[in-house]
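Peer 1: My questions all concern the structure below.
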Amino acid sequence: MLGRILYRLRVEKKLSMKKAGEAVGVSDSAWNKYEKNKADPSIDILLRIADFFGVSTDYLLGRTEIRDPAVPHELNLPSLPGMEEFISAIHETFRLYNTVNIDLHTLSQLLALLTNAVNAFNRLVKYKQDHKYDSGDFKIYQNAIVNLMNEYGELYERMRNQNY
């Protein structure tokens, strides 16, 4: 698993094995062995790799899908109906990104789509708050959902055309 993660991080930064190795103080031969899971970096090198790529060692070792070491593992989210399923789905998405050939662009599009859904919901809540109840609420909500479904359809078609 470490090898795939190192490969993905290196490719995302558009680095050669030589440049990645130089950045953390190892030869390109050593880096090659790490990526092919033929050798494991020392703890010192693992820490340098994590620092260089701005990820946690837990992320490098496949123990979490959260790259940013500053992001807490537990966000103390409220216990609401559907919350556990949502968190589980997000974790699965990042697990797939880390272990399957899902490119960064496709994942970014998915995250943008989810962000748009949350933003549409927030706009609706703010609109209702500012205008009290209005018969136009449903139409605003309906338009937001239609727009999101169109975006989802476009993302699905792009993924299907790329044989994902």
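Peer 1: With a Förster radius of 35 Å, plug the Cβ-Cβ distance of Y127 and N37 into 1/(1 + (r/R0)^6) and report the FRET value to the nearest 0.05.
Peer 2: In this case the efficiency is close to 0.10.
Peer 1: Please get the size of the charge dipole for segment 2-60, origin at its Cα centre, with Cβ charges of +1 on Lys and Arg and -1 on Asp and Glu, quoted in debye to the nearest 20.
Peer 2: The calculated dipole for segment 2-60 is roughly 320 debye.
Peer 1: Can you give the FRET efficiency to the nearest 0.05 for F52 and V100, using r as the Cβ-Cβ distance and R₀ = 25 Å? Each step should come with its number before you reach the end.
Peer 2: Details: r = 24 Å, r/R0 = 0.98.
Efficiency, rounded to the nearest 0.05: 0.55.
Peer 1: To continue, here is another question. Hey, fewest Cβ within 10 Å first, where do T57, T115 land in order?
Peer 2: Fewest-to-most ranking of T57, T115: T115, T57.
Peer 1: Work out, step by step, the length gained on full extension between I90 and E12: first 0.36 nm times the residue separation, then minus their alpha carbon distance; give nm to one decimal.
Peer 2: Roughly 26.0 nm would be gained on extension.
All of the numbers you see were taken from the coordinates with simple rules; none came from a lab. Predicted model, so just to flag it, every value in this text is computed and none were measured. FYI the Cβ positions are ideal-geometry reconstructions off the backbone, even for glycines, and counts take in every protein chain you see.
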